[in-house]
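Colleague: Provided herewith is a single structure, encoded as structure tokens, for subsequent inquiry.
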Amino acid sequence: MFQSKKATVYVVLAGIFITNAIVAELIGGKLIDVGPAVMSIGILPWPVVFVTTDLINEYFGEKGVRKLSVITACLIAYTFIVLFFAMQIPSSEVSTISTLQFDAVFGQSQLIIVGSITAFLVSQLIDVSIFHFFKRRTGERKIWLRSTGSTVISQLFDSFIVLGIAFWLPGIMDTKTFFLSAMTGYSVKLAIAVLMTPMIYLGHNIIEKYIAKDGK
């Protein structure tokens with residue numbers, strides 16, 4: 001079906017990337033307590049997004065990541081459009097999920113949607129730029145530097161943008177809570193990025209062996 005094993009790798013990585021990005025958006029409205037701060041539970045799928053972003057960066061370059069990021073942002077927007085129309089249709093009396101319950105789970109405010117999509121696009125574009133900045137200077141060496149370094153910087157923007165648009169601008173969070181929550185979320189993402197570094201090397205090893213069998 002695909003012309004090469006490398007094309008198959010791109011499709012698989014893209015599928016994993018898109019799925020986890022959309023799942024993160026769907027569950028992102030739930031906030032959890034992390035010490036004195038709050039954090040979105042949407043962070044759960046992001047370790048997988050980190051890994052797939054770096055692998056796509058490595059094998060398919062800036063264009064591959066930029067194109068996939070734009071497509072994913074459009075699909076996230078499409079998901080929320082479908083949910084919007086789904087919420088306009090009342091539940092049947094025999095439904096185990098009431099209209100109120102459905103709307104409470106999926107009825108995120110417009111600012112949360114705008115904030116999450118904006119943060120996603122900005123952080124992905126920053127990530128790919130920094131990743132290739134390091135790669136141009138290190139070549140094929142120091143995978144950990146370009147992978148972790150790009151995540152460290154891009155996720156700082158992501159953490160502040162999404163909370164800023166969704167909660168700080170409309171006055172839901174005061175400035176102190178906003179900074180505390182943004183830094184808490186960023187710290188968790190930073191820790192995850194460091195812990196996921198071995199998975200980047202494992203992914204490289206698996207893909208290299210798979211592509212090598214292709215001879216293309």
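Colleague: Tell me, please, whether a residue that is part of a helix (DSSP H, G or I) and open to solvent by less than 20 Å² (accessible area, probe 1.4 Å) can be found in the range 26-45. It would help to see each step written out before you state the result.
Modeller: First, the residues of the range 26-45 that are part of a helix (DSSP H, G or I): 26-27, 41-43.
Retained after the next criterion (residues that are open to solvent by less than 20 Å² (accessible area, probe 1.4 Å)): 42-43.
Scanning the range 26-45, I find at least one residue that is part of a helix (DSSP H, G or I) and open to solvent by less than 20 Å² (accessible area, probe 1.4 Å), so the answer is yes.
Colleague: Mind telling me which of the residues K142, K189 ends up being at pLDDT below 85, surrounded by fewer than 19 Cβ atoms within 10 Å (Cβ to Cβ) and of a type outside the set (V, I, T)? Steps first, please.
Modeller: Working: K189 fails: surrounded by fewer than 19 Cβ atoms within 10 Å (Cβ to Cβ).
Matching residue, one of K142, K189: K142.
Colleague: Sort out which residues of the range 108-134 are without any contact (Cβ under 8 Å) to a residue 24 or more places away in the chain and either crowded, with 16+ Cβ neighbours inside 10 Å or closer than 26 Å to L31 by Cα (or both), and write them in order of number.
Modeller: Here is the first cut: in the range 108-134, the ones without any contact (Cβ under 8 Å) to a residue 24 or more places away in the chain are 110, 133-134.
Within the range 108-134, Q110, F134 qualify.
Matching residues to (1) of a type outside the set (A, V, I, L, M, F, W, C); (2) touching a strand residue (DSSP E or B) at 6+ places or on another chain (Cβ under 9 Å); (3) farther than 23 Å from Y78 by Cα:
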{"site": "T99", "(1), (2), (3)": "yes, no, no"}
{"site": "G107", "(1), (2), (3)": "yes, no, no"}
{"site": "V122", "(1), (2), (3)": "no, no, no"}
{"site": "H132", "(1), (2), (3)": "yes, no, yes"}
{"site": "G149", "(1), (2), (3)": "yes, no, yes"}
{"site": "I153", "(1), (2), (3)": "no, no, yes"}
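Colleague: Further question: Looking at the structure I just gave you, is L31 farther than 22 Å from N205 by Cα and in contact with a strand residue (DSSP E or B) (Cβ under 6 Å, 6 or more places away or on another chain)? Before the answer, list the steps.
Modeller: On the way: farther than 22 Å from N205 by Cα: yes; in contact with a strand residue (DSSP E or B) (Cβ under 6 Å, 6 or more places away or on another chain): yes.
Yes, satisfied.
Colleague: Taking interchain pairs and intrachain pairs at least six residues apart, which have beta carbon atoms under 8 angstrom, with the first residue in the range 158-174 and over 14 Å from A37 (Cβ atoms) and the second open to solvent by less than 30 Å² (accessible area, probe 1.4 Å) and among the basic types (K, R)?
Modeller: Close Cβ pairs (under 8 Å, with a partner that is open to solvent by less than 30 Å² (accessible area, probe 1.4 Å) and among the basic types (K, R)) amount to D158/K189.
The values are calculated or read from the model by the stated rules, or taken from the named source; none is laboratory data. Quantities reported herein were computed from a predicted structural model and do not represent experimental measurements. Neighbour counts run over all protein chains shown; Cβ positions are idealised from the backbone, glycine included. These accessible areas exclude ligands, DNA and RNA; they are computed on the full protein's heavy atoms, side chains included. Shrake-Rupley method; radii C 1.70, N 1.55, O 1.52, S 1.80 Å.
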